[in-house]
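The values are calculated or read from the model by the stated rules, or taken from the named source; none is laboratory data. The structure presented is a predicted model; accordingly, all values stated were derived computationally and were not measured. Here the Cβ positions follow ideal geometry from the backbone for every residue, glycine too, while neighbour counts run over all protein chains shown.
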Amino acid sequence: MTKVPLIAEYIWLSGADSHHDIRSKCRTLYITEAEAALTPMEMVAKGLFPKWNFDGSSTNQAKGKNTEILIEPVGAYNHPFEKTVHQVAVLCECFLPSGEPTKDNTRHVANTVFKADTVGLKPWFGMEQEYVLVNKNGRPLGWPERGFPAAQGPYYCSSGPNAYGRNIVMAHYEKCLKMGLKISGTNAEVMPGQWEFQVGPCEGIEMGDELVLARWVYLRLLEDIGTFGLDLDVNFEVKPIKGDWNGSGLHTNFSTAPMRAPGGIKAIKEAVQKLEKTVAKDIPFHGADNNQRMTGHHETSSWREFTWGVGTRHTSVRIGNDVEAQGFGYFEDRRPGADADPYLLSAALFRSACDIPAPKLDALIEGYTQPWMKV
């Protein structure tokens with residue numbers, strides 16, 4: 001039987017963060033021509049990608065004599081950088097040799113929350129990932145070497161000389177679509193050199209998977225661009241430039257089946273009111289140093305209080321004017337910062353808005369809490 005080569009790139013989170021500590025390595029598999037015609041997800045379902053391992057001491061995930069970490073495939077996608085030989089991007093979770101998930105396996109924790117949905121709420125998410133393209137010195141793309149550009153105003157959704165890096169942004173957009181991710185749009189943001197892409201709607205654990213992979217695509221894309229003379233990085237800090245400049249958020253749109261049904265506005269407002277009571281449990285998963293961004297200025301609310309409104313941009317939560325008018329839809333949580341872990345963020349929002357039991361998620365709160373998180 002004739003077999004053909006397949007390059008499988010295994011991708012996983014190592015735990016330092018969910019935007020730059022994304023690791024990968026490749027292996028060659030030989031599969032039949034019939035297997036090569038399957039979709040990547042069908043390949044996973046048929047078990048074509050074996051479990052693999054790596055040295056956890058090199059990723060700060062293991063110490064001692066037995067440092068092997070197992071990586072188990074949980075999803076596969078078209079490889080966005082495929083050239084000649086067939087390639088597949090394989091998303092993995094990390095486990096100890098005992099079979100227990102590693103302590104940094106946030107996907108596993110999040111999945112326990114989504115699997116606790118016993119009534120079929122079918123949570124949908126859409127995340128708006130803001131970020132800044134920066135050079136090797138950390139200066140945003142398009143900024144002068146010294147000093148500052150003109151004040152904010154002409155950059156948001158701009159065209160022409162105020163849009164810095166559109167060719168890179170669109171290359172990322174196209175790669176995500178080629179991969180099969182549910183990237184739904186992109187636009188220039190308020191600060192020069194700042195952009196946003198949106199992913200969703202995604203259901204349950206799929207939200208974390210797709211946003212992590214969209215971040216990974218950016219890292220890989222900038223590897224390629226670096227070979228052509230541009231030494232760039234993508235900055236996911238919540239307040240990359242201090243002062244009178246917008247920070248970067250990860251606004252999260254959320255709905256359940258009852259919210260999307262006629263009359264769902266009642267369920268939406270009930271969920272929002274629940275979030276007012278769970279602020280202390282939620283903000284640990286909104287990102288590091290998010291108090292620097294959530295000041296009540298620059299289109300944010302204050303992290304110290306919970307507010308909501310219809311059509312508002314300065315509140316913790318926004319219900320769209322169209323949602324209020326039609327009586328069903330979704331709401332937008334505007335609090336999360338750009339560097340948040342999308343697995344924990346989506347699971348925490350589902351837990352709090354819908355009263356889902358989440359003991360494994362709640363056990364992480366102390367480790368994610370920072371000194372400023374006092375409500």
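From the list PRO144, PRO149, PRO140, PRO161, the lone residue that is in the same structural domain as ALA363 (by TED's automatic domain parsing), within 17 Å of TRP245 (Cβ to Cβ) and without any contact (Cβ under 8 Å) to a residue 24 or more places away in the chain is PRO144.
Residue by residue, here is whether (1) closer than 23 Å to GLY249 by Cβ; (2) modelled with pLDDT under 95; (3) within 23 Å of the chain's Cα centre (by Cα) holds:
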| position | (1), (2), (3) |
| --- | --- |
| THR84 | no, yes, no |
| LEU96 | no, no, no |
| THR102 | no, no, yes |
| HIS108 | no, no, yes |
| VAL119 | no, yes, no |
| GLN129 | yes, no, yes |
| ASN135 | yes, yes, yes |
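Looking at PHE350, PHE328, which is the one that is in contact with a Leu (Cβ under 9 Å, 6 or more places away or on another chain), touching a residue at least 60 places away in the same chain (Cβ under 8 Å) and not small (Gly, Ala, Ser)?
PHE350
In the range 109-137, which residue that is free of Cβ contacts under 8 Å to residues at least 24 places away in the same chain and of a type outside the set (A, V, I, L, M) is nearest to GLU223 (Cα to Cα)? This residue is ASN137. Looking across the range 83-108, the residues that are without any contact (Cβ under 8 Å) to a residue 12 or more places away in the chain and under 30 Å from ALA34 (Cβ atoms) come down to LYS83, THR84. Counting the residues of the range 140-166 that are of a type in the set (Lys, Arg) and either within 30 Å of SER346 (Cβ to Cβ) or at pLDDT 95 or above (or both) gives 1. Number of residues in the range 172-194 that are surrounded by 17 or more Cβ atoms within 10 Å (Cβ to Cβ) and under 19 Å from GLN87 (Cβ atoms) equals 6. For the range 53-65, indicate whether the set of residues that are part of a strand (DSSP E or B) and surrounded by fewer than 21 Cβ atoms within 10 Å (Cβ to Cβ) is non-empty. The answer is yes, given that some residue of the range 53-65 is part of a strand (DSSP E or B) and surrounded by fewer than 21 Cβ atoms within 10 Å (Cβ to Cβ). For the range 12-31, the tally of residues that are surrounded by fewer than 17 Cβ atoms within 10 Å (Cβ to Cβ) and of a type in the set (Phe, Trp, Tyr) stands at 1. For the range 32-50, check the following and say yes or no: at least one residue is out of contact with any strand residue (DSSP E or B) (no Cβ under 9 Å at 6 or more places or on another chain), surrounded by 20 or more Cβ atoms within 10 Å (Cβ to Cβ) and in a loop (DSSP other than H, G, I, E, B). For the range 32-50, residues out of contact with any strand residue (DSSP E or B) (no Cβ under 9 Å at 6 or more places or on another chain), surrounded by 20 or more Cβ atoms within 10 Å (Cβ to Cβ) and in a loop (DSSP other than H, G, I, E, B): absent. Selection of strands (runs of 3 or more DSSP E) fully inside the range 212-317 by the criterion of at least 3 residues being modelled with pLDDT of 95 or more and either buried (at least 20 other Cβ atoms within 10 Å of the Cβ) or assigned by TED's automatic domain parsing to the domain that holds LEU13 (or both) returns 250-255. Scanning the range 80-100 for residues that are under 20 Å from LYS46 (Cβ atoms) and surrounded by 22 or more Cβ atoms within 10 Å (Cβ to Cβ) yields VAL88, ALA89, VAL90, LEU91, CYS92. So which residues in the range 259-299 are touching a Lys or Arg at 6+ places or on another chain (Cβ under 6 Å) and within 29 Å of LYS122 (Cα to Cα), if there are any at all? Once the filter is applied, which keeps residues that are touching a Lys or Arg at 6+ places or on another chain (Cβ under 6 Å) and within 29 Å of LYS122 (Cα to Cα), the range 259-299 yields only HIS286.
Go through the range 355-375 and give me each residue that's assigned to a loop (DSSP other than H, G, I, E, B) and within 25 Å of THR295 (Cα to Cα).
Within the range 355-375, THR369, GLN370, PRO371, TRP372, MET373, LYS374, VAL375 meet the criteria.
Total residues in the range 138-153 satisfying the condition of being of a type in the set (Lys, Arg) and either closer than 16 Å to LEU222 by Cα or under 27 Å from the mean Cα position of the chain (by Cα) (or both): the figure is 1.
Would you check which residues across the range 164-207 are in a helix (DSSP H, G or I), β-branched (Val, Ile, Thr) and in contact (Cβ under 8 Å) with a residue 40 or more places away in the chain and list them?
Let us first name the residues in the range 164-207 that are in a helix (DSSP H, G or I), namely 166-179, 206-207.
Next, only the ones that are β-branched (Val, Ile, Thr) stay: 168-169.
Passing the criteria: only ILE168.
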